[in-house]
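A.B. asks: Okay, handing you the structure first.
The values are calculated or read from the model by the stated rules, or taken from the named source; none is laboratory data. Remember, predicted model here, so these are calculated numbers, not experimental data. Ideal geometry is used to build each Cβ from the backbone, glycine not excepted, and the neighbour counts take in all protein chains shown.
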Amino acid sequence: MSLTLRQLALPALLFALAGAPTATLRAQQQQLSVEDAFRNPALNPANLKQLAWIPGSKDEFSYLRTENGQDALVRGRAAGGPVQPVVSMANLYKALQAAGAPTLKATAFPQVQWTGPDAFLVTMPSREVFRYSTTDGKASKLFGYQTGADNVDFDPTKTRVAYTKAQNLFISRGGQENVAVTNETNPAIVNGQAAHRSEFGITKGTFWSPKGNKLAYYRMDQTMVTDYPLVDISEVPAQAAPIKYPMAGDKSHQVTVGVFDVASGKTVFLQTGEPKEQYLTNISWSPDEQSIYVAVLNRDQNHMWLRQYDAATGALVKTLFEETDTEYVEPTHPLEFVPGHPDQFVWQSERSGYNHLYLYNTSGKLLRQLTQGNWLVTDVLGFDAKGKQLYYASNQDGTIQRQLYAVSLGGGKPRRISSTAGTHAGTLSPSGEALLDSYSSQTTPRTISVVGTKDGKSQQQLLSAPNPLSNYRLGQTKVFPLKAADGQTDLYARIITPPGFDPNKKYPAVIYVYGGPHVQLVTDSWLGGGNLWMQMMAEKGYVVFTIDSRGSGNRGLPFEQATFRQLGTQELADQLKGVDYLKSLPYVDAQRIGVHGWSFGGFMTTTMLTRAPQGTFKVGVAGGPVIDWRMYEVMYTERYMDTPEQNPEGYQKANLLNYAENLKAPLLMIHGTIDDVVVWQHSLKYLKNAVDKGVQLDYFVYPGHPHNVGGKDRVHLYTKITNYLDQYLKPEAPAAGASSNGQ
């Protein structure tokens, strides 16, 4: 286990303070506020804005650098040498305005998209797209698209853009702007938007072919899905704003995939067949634009067919292979075709229990398994130019770490590229000969380096972020393993002790919990994966604790599926092992332990207060909690719980309405009034149930907020959470925030 930055610096710090001026001492005693924790970007590790490889170049990259108080675009080479200026913000806006762009005050450098080594695109707020030439410093307008556009998606050639407006899909390009791909009049049938409530790795609803000649898109028919009422209170009188929300066990939407030919203007639909309640996931184009591949999943989510369709006719060509699992199959990654080998692709699968890489040909024959072991690939970075090496990130050298690797497609043992323990994220260069390696650890805020893929050596360091919290008196953060309730499985925990820690004192403790799938809270990264609010709470004299219980992310199916059909049960058992650990510490006051979480963490907070032995927790704050899984969305819930008809016992056991009478500790429940993820009805039903049973409950809503309370209101939210915890765990503490008096 690595030491924290505070531990490493302590001897030198003590020496320096011996003769330090009073002002320096005061600076090093600064304390975090709630505003700092959520609204002070200066306290985040420095980064390189818009860092990216330049396509078509000899492994050149670009990023923004501040010059004379303004951002300027610069470029450098992976091989080294001085960074060269491309254009200043002022000169870029001058060129854009000379080309007819609206006059705007240049307050920020616009987002750029390189189209090649000598030009990039800029999209103005007016939705006009301009090309800037780095050779002559001039801009030219290419095309525009409608204001109010959503889901904007440029094609690979950067000469066309697809976008949605309301329920329809459009394309703009030079000479042909705002061409309607669909003309749907029913708002319950939407085109070009992410389908299946963005499960299965789905992040968008449009899929350009490699040369931009065709556009595949989701058509989602929601007419059979029940309307769910949301209310817009910004109008007087308030207006109904219903959404389509398929709950577990109910009718789900029906999805098809259209393929629009840009030249002919015609659309065909893939013949994905029956049953219509199925999931069409991981859409991939073949390199020659002739075929589309879709991972088709049944509604039970235990059987997947990887299928090839003819892009010209929509006809099914063949099923390449199938995957089944007694619990669930969850495909989340499209095919990765091998450069120079259009008949080969890499497929990611959890069929072994861990996400690994498999090399197939387009006949459906498995050529070889590229990675294997009780660890998982977390990201595929790409191939070298010759299609011989594949680069990826994984946790094979430590559950809480991320390292970068290469593996030969011809077979053989993977080769580690990154060298330092911690968390690495890589972006592969056009040639595959270099990586932009963004790295952090518990002791390193962030470094960004250019690393050679052949030897893993740093070719140059682009950034070494200073510690943004060096003037703050932080506590010590430790990351370590504990045994799960089964007595065998390692769980990773993080504990933050107060600054000026005295082992002879008794401190109250706050547990921050999530515990659900696809989320890993404890990592070997800056602050151990924690956030500044946790550090602030430690400054206030709390021991702050988190443990990733079974069911949480990046540990493989045996770990994740331990909670199958019984959400809340194994997670609770593991969280209570964390409580046992806290109580074993002589400096933790076992009578003053609180818990807070949001979403699945809100479900777990409420579970912990009502299903754990009475007296375990002094107080809890549950935000946006799932209360009854019957009321949560189809795709997520049925994957982990099956349907209510298939698993009535599991739904009954997990339903927190059944435990409201067990609530003895103070609980603050919080919800956004237009939450379209965990709908408001969850906590309202819990509140009604508590009233019916004579159970006292504190409750607060954020009008007009969806599932997460963001923006400036997040300061209000965490001021309220902090004050509530203070009230019951540290009643002597003053309320956080000048205008807040707690609950």
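A.B. asks: If I filter region 300-319 for residues that are crowded, with 16+ Cβ neighbours inside 10 Å and within 24 Å of the chain's Cα centre (by Cα), do I get at least one hit?
C.D. replies: Yes, there is a match, as at least one residue in region 300-319 is crowded, with 16+ Cβ neighbours inside 10 Å and within 24 Å of the chain's Cα centre (by Cα).
A.B. asks: State whether one or more residues within region 573-587 are buried (at least 24 other Cβ atoms within 10 Å of the Cβ), within 25 Å of GLY672 (Cα to Cα) and in the same structural domain as THR489 (by TED's automatic domain parsing).
C.D. replies: No, region 573-587 has no match at all.
A.B. asks: Quick one: which of GLN176, GLN193, GLN222 is of a type in the set (S, T, N, Q), in contact with a His (Cβ under 8 Å, 6 or more places away or on another chain) and not assigned by TED's automatic domain parsing to the domain that holds TRP629? Write out each step before concluding.
C.D. replies: Values: GLN176 fails: in contact with a His (Cβ under 8 Å, 6 or more places away or on another chain); GLN193 fails: in contact with a His (Cβ under 8 Å, 6 or more places away or on another chain).
Every option except GLN222 fails the conditions.
A.B. asks: Within region 424-447, restricting attention to residues that are β-branched (Val, Ile, Thr) and closer than 26 Å to ILE54 by Cβ, which residue is surrounded by the most Cβ atoms within 10 Å (Cβ to Cβ)?
C.D. replies: Result: THR447.
A.B. asks: As an exercise: evaluate TYR354 against (1) of a type in the set (Ser, Thr, Tyr); (2) in contact (Cβ under 8 Å) with a residue 60 or more places away in the chain; (3) not in a loop (DSSP other than H, G, I, E, B) and give the number of the one condition it does not meet.
C.D. replies: So the condition that TYR354 fails would be (3).
A.B. asks: Output the number of residues of region 499-526 satisfying the condition of being out of contact with any His (no Cβ under 7 Å at 6 or more places or on another chain), under 23 Å from GLY602 (Cα atoms) and not in a loop (DSSP other than H, G, I, E, B).
C.D. replies: Adding up the residues that qualify gives 3.
A.B. asks: Of the conditions (1) under 29 Å from VAL522 (Cα atoms); (2) in a loop (DSSP other than H, G, I, E, B), GLY412 clears all except one; give me its number.
C.D. replies: With respect to (1) under 29 Å from VAL522 (Cα atoms); (2) in a loop (DSSP other than H, G, I, E, B), GLY412 is out only on (1).
A.B. asks: Mind telling me which of the residues GLY273, GLY265, GLY192 ends up being under 28 Å from VAL317 (Cα atoms) and surrounded by 21 or more Cβ atoms within 10 Å (Cβ to Cβ)?
C.D. replies: Values: GLY273 fails: surrounded by 21 or more Cβ atoms within 10 Å (Cβ to Cβ); GLY265 fails: surrounded by 21 or more Cβ atoms within 10 Å (Cβ to Cβ).
Step by step, each of GLY273, GLY265, GLY192 is checked, and only GLY192 is under 28 Å from VAL317 (Cα atoms) and surrounded by 21 or more Cβ atoms within 10 Å (Cβ to Cβ).
A.B. asks: Which residues, taken from region 415-440, are assigned to a loop (DSSP other than H, G, I, E, B), touching a Leu at 6+ places or on another chain (Cβ under 9 Å) and in contact (Cβ under 8 Å) with a residue 60 or more places away in the chain?
C.D. replies: Within region 415-440, SER429 is the sole residue that qualifies.
A.B. asks: Would you kindly identify the helices (runs of 4 or more DSSP H) lying entirely within region 543-641 that contain at least 1 residues that are basic (Lys, Arg), modelled with pLDDT of 95 or more and touching a strand residue (DSSP E or B) at 6+ places or on another chain (Cβ under 7 Å)?
C.D. replies: In region 543-641, 569-584 are the helices (runs of 4 or more DSSP H) which contain 1 or more residues that are basic (Lys, Arg), modelled with pLDDT of 95 or more and touching a strand residue (DSSP E or B) at 6+ places or on another chain (Cβ under 7 Å).
A.B. asks: Six or more apart or on different chains, Cβ atoms under 6 Å: show the pairs whose first residue is in region 361-378 and in the same structural domain as ARG555 (by TED's automatic domain parsing) and whose second is of a type outside the set (A, V, I, L, M, F, W, C) and at pLDDT below 95.
C.D. replies: Here the result reads none, with nothing in region 361-378 linked to a residue that is of a type outside the set (A, V, I, L, M, F, W, C) and at pLDDT below 95.
A.B. asks: Still on this structure, please answer the following. Please determine, by comparing only the residues of region 450-471 that are in contact with a strand residue (DSSP E or B) (Cβ under 8 Å, 6 or more places away or on another chain) and crowded, with 21+ Cβ neighbours inside 10 Å, which one is farthest from ASN44 (Cα to Cα).
C.D. replies: Within region 450-471, the first condition is being in contact with a strand residue (DSSP E or B) (Cβ under 8 Å, 6 or more places away or on another chain), and the residues that meet it are 450-453, 456-465, 471.
Okay, now just the ones that are also crowded, with 21+ Cβ neighbours inside 10 Å, so 450-451, 453.
Working: VAL450: 22, VAL451: 24, THR453: 29 Å.
Across region 450-471, the extreme among qualifying residues is THR453.
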